[in-house]
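Worksheet for the structure shown next.
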Amino acid sequence: MNNLTSINTRQDSSLFRTVVVSMLVVAATSALAASPIIEPAMPITADKAQFASTLATAEAGDANAQVKLGNMHFNGVHTPVNYQEALHWYEKAAEQGNANAIFNIGVMHDKGFHVDQNLEEALKWYQKAAALDFPEAIYNLGIMYEYGQAVTKDYAKAQEYYLKAAQMGEPSSQFALGLVYDKGLGVERDPVLAYMWWDITGKGHMHAEHNRDSLAEEMTPEQISEAKRLAAKWRKQHADIEQLPPQVFPPGFQ
């Protein structure tokens, strides 16, 4: 297969800032995070009861409930969409040092939800969440350095952030590392390492398996075998790390 054609058919979803709304849409995944907000359909009365229960717990000062309530307002779960209220509850939780809330505030500044889009402000909030080891924030910092958003473009710095988040089980960062090695962004192009990272990502990113299999068409059997060996070695070395779930996005975001 023509090498250039193969590369061009692979998906670069990092262009979509794939993680920036992840914690607003799905269950938060760290110890500081709130419960899942995507829930089975329930009667309206049950919806009202669920919202009222979360509101009461949030008003009592529980940071996780405050994040969950913010998520409900952001996504219109059990209540109409209200970005102002979402931001209000994220700020309440952020005051208590909740990394999930701090990250979400960064997202709102990043994408301009209720506030004017401000990448410099988003950067500050992502840095705060990253300092608390929130993997999605670390990934977003990598994106900002890769594309030079509110910072000077720096592939080495981007790779540093991607690697840190990838080692925490964050799938978008693992996918991004595959792109780094596939495209040779600040490093020598290495299809073996690209394959390795996409194999590690697996179903954690919608394009990882497609990219891995597409890349395999231009690799030798020996290269594929080595990539699989490295992926297996990485999994064994990181067996104590829980792989975070795939990202879910609101309709029309991508």
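Laboratory data are not the source of any read-out in this text; all were calculated from the coordinates shown. In this text, all values refer to a predicted model and were calculated from it rather than measured experimentally. Backbone-built Cβ (ideal geometry, glycine too); neighbour counts: all protein chains shown.
Note on Lys128: lysines with a C-alpha under 24 Å away, same-chain residues under 8 apart excluded, are Lys68, Lys92, Lys111, Lys153, Lys157, Lys164.
Please give, to one decimal in nm, the separation of the simple spin-label points placed at Ala49 and Lys183, each 7 Å out from Cα toward the Cβ. In this crude spin-label approximation the distance works out to 5.0 nm.
Of all aspartates and glutamates in the structure, those lying under 18 Å Cα to Cα from Lys228, and not within fewer than 8 positions of it along the same chain, are Asp182, Asp190, Asp199, Glu209, Asp213, Glu217, Glu218.
Here the label points at Glu95 and Asp133, each 7 Å from Cα along the C-beta direction, are separated by 2.7 nm in the simple model. Counting beta carbons within 10 Å around each of Thr54, Thr152, Thr220, Thr79 and listing the fewest first gives the order Thr152, Thr220, Thr79, Thr54.
Remark: Val187, Val192 ranked as Val187, Val192, counting other beta-carbon atoms within 10 Å and listing the fewest first.
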